[in-house]
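*Asks:* Here you go, one structure.
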Amino acid sequence: MTEWNDAEEHAERAHEFYELGRWEEAEAELRKAISLNPDQAEWHYNLGLTLEAAGRINEAIQEFEICTDLEPDNPQPLVNLGINLNRLEKYTVAIERLERAAKLAPDFEPAYCPQITAFTSLGRHEEAEEIFYMARLIKDECPSCFANLGESLLNRREIERAIWCFKEAARLDPRMPRIHARLAATYAIKGQFEQAYRLYLRDLREDPGNVDTLLDLGELFLSLNRLLEASEKFRRVLELEPTNVDAHFRLGQLAVRSHRFDVARVEFELVNKLSPGYPGVPRQIALIHLENDEIEPARRRLATVMQSFEEDEDDLAGLAELLVRAGMNRPACRVLELLVEQEPESAEAWHHLGTASFLAREYVNGITATRQALHLEPKHPRAIHNLILAYMESRRYMRALAAVRLAERRLGKDATVRRLAVRLRITIIRRAVWGFMFRSVKHTARKLRNQIIGSPKRRKRKHGPNSPYRRPTNV
């Protein structure tokens, strides 16, 4: 009986420490209580909440699992499991736990809301929207459900519907963490930067030390080319979190844009040490090498990028440009082929594929890609110029003349077309003169040879009796 009372006292003190935000003391008291009575599911659940608040997600998951084993009919620990598995990006397992909770208590609305996040992260947006409507049947006004569906709609680029969902979430819970920042990001995508800026400031007034909002605001300043203000926000993030890799990476990008390549190299190498495999670092270091005319190191970095290259990588056009600058034209063609698969209606993507193919001496593929670019955008000047050059390089001069006439009709008085037309006509005339001279020299050499040693006698073919060439004898 004494041990039970001691355990209860430890649990009560743990609750007091938890309310004060003193996670270490709360954890210590709960572990003492559990050591005295390990079968108390509520204490394991409270320990899970404490570890979750301290940011120790894996340990929190273990405690919630123990709680579910002790109380298999309780849906709440399963919901906490789902939420934390979402944080670890284990979305499939999270959905399984949350569906178990929904089966145990079909009217328990918290079991549905985290499922929207999991389905959205897996790209299963129709299921996410279906879960949203199921949750609304139980609780019509759930701010988290509206916010989570807004993320799904934002991923699908349904901007207006996403804005409506975020506004509803903000109306229902104005103090929801980062709700105004999420709405601001949506306005930024829409191009309404002033509205986005005001919403970011509103979010920072409520939570001045929110690192994610500071990063988002810095990104907004980057897109507006307000580099000093962007740098100030990223440095503010580093004051709060000195090892924040996102802030160091963005400062490296700012240094590249300011042509301070030594500073940028230091930032990117620091990111590489803090977070090996951070996306975009090898590409940025390759860019620094190219800016310093260090071609071989740039090629080695880009070869590393291509080894881990994935089809859904962002900024395929930027990667292809780096590959072309490094003289890696065939890998650039591979990247651009993926880009035109993703954006088949982009004349610019087809034009870049054509250019890379020409540089790789793959004229047939380059001409095909360039003609597709001109089909999508008939007056694309650089594509027309490339088409004329490709025909000239592949010695298809009549096609090149036809392309020149097409360019003159579509582009009018274009200086580049005029230069190419003059160059083409000179090339045709030069080849004609050289051909005439070559034939004349060959004919003269043959006449001299005949005069000196006589014309060669043709050997008469002798046909044997069994030869297939023997003239038949009349019977």
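The values are calculated or read from the model by the stated rules, or taken from the named source; none is laboratory data. Values in this document were obtained by computation on a predicted structure and should not be read as measured data. For neighbour counting, all protein chains shown are included, and Cβ atoms are generated from backbone atoms with ideal geometry for every residue, glycine included.
*Asks:* Quick one: count up the residues across region 102-139 that are within 19 Å of Glu168 (Cβ to Cβ) and among the charged types (D, E, K, R).
*Replies:* 5
*Asks:* Where the second residue is among the aliphatic types (A, V, I, L, M) and the first is modelled with pLDDT of 75 or more and lies in region 425-437, which pairs have Cβ atoms under 7 Å and are six or more apart or on separate chains?
*Replies:* Partner pairs satisfying both residue conditions: Thr427/Met392.
*Asks:* Still on this structure, please answer the following. Tell me which residues, restricted to region 178-210, are in a loop (DSSP other than H, G, I, E, B) and closer than 21 Å to Phe234 by Cβ.
*Replies:* If the condition is that a residue be in a loop (DSSP other than H, G, I, E, B) and closer than 21 Å to Phe234 by Cβ, then Arg178, Asp207, Pro208, Gly209, Asn210 are the ones that fit.
*Asks:* Kindly provide the set of residues from region 273-291 that are exposed (fewer than 15 other Cβ atoms within 10 Å of the Cβ) and more than 14 Å from Leu322 (Cβ to Cβ), ordered by number. Steps first, please.
*Replies:* The initial filter retains those residues of region 273-291 that are exposed (fewer than 15 other Cβ atoms within 10 Å of the Cβ), namely 273-274, 276-277, 279, 291.
Residues satisfying the conditions are Lys273, Leu274, Pro276, Gly277, Pro279.
*Asks:* Under the condition of being among the small types (Gly, Ala, Ser) and loosely packed, with under 15 Cβ neighbours inside 10 Å, which residue from region 29-79 is farthest from Leu98 (Cα to Cα)?
*Replies:* Ser35
*Asks:* Something else now. In the set Ala400, Ala356, which member is closer than 18 Å to Arg410 by Cα and among the aliphatic types (A, V, I, L, M)?
*Replies:* After applying the criteria, what remains is Ala400.
*Asks:* So which residues in region 207-241 are surrounded by fewer than 18 Cβ atoms within 10 Å (Cβ to Cβ), touching a Phe, Trp or Tyr at 6+ places or on another chain (Cβ under 7 Å) and not acidic (Asp, Glu), if there are any at all?
*Replies:* Across region 207-241, the qualifying residue is only Leu224.
*Asks:* Looking for whichever is touching a Phe, Trp or Tyr at 6+ places or on another chain (Cβ under 6 Å), among the acidic types (Asp, Glu) and farther than 14 Å from Ile83 by Cβ here; the options are Glu127, Glu141, Glu160. Which one fits?
*Replies:* After ruling out the rest, the residue left standing is Glu127.
*Asks:* Restricted to region 140-187, and to residues that are touching a Ser or Thr at 6+ places or on another chain (Cβ under 7 Å) and hydrophobic (A, V, I, L, M, F, W, C), which residue is surrounded by the fewest Cβ atoms within 10 Å (Cβ to Cβ)? If you could, list the steps in order and put the result at the bottom.
*Replies:* Within region 140-187, the first condition is being touching a Ser or Thr at 6+ places or on another chain (Cβ under 7 Å), and the residues that meet it are 148, 151-152, 154-155, 159, 162-163, 166, 178, 181.
With hydrophobic (A, V, I, L, M, F, W, C) added as a condition, the list becomes 154, 159, 162-163, 166, 181.
Details: Leu154: 20, Ile159: 15, Ala162: 24, Ile163: 20, Phe166: 29, Ala181: 25.
Among those that are touching a Ser or Thr at 6+ places or on another chain (Cβ under 7 Å) and hydrophobic (A, V, I, L, M, F, W, C), it is Ile159.
*Asks:* If we only count helices (runs of 4 or more DSSP H) wholly inside region 211-285, which ones have 1 or more residues that are touching a Ser or Thr at 6+ places or on another chain (Cβ under 7 Å) and over 22 Å from Gly191 (Cβ atoms)?
*Replies:* 245-257, 261-274
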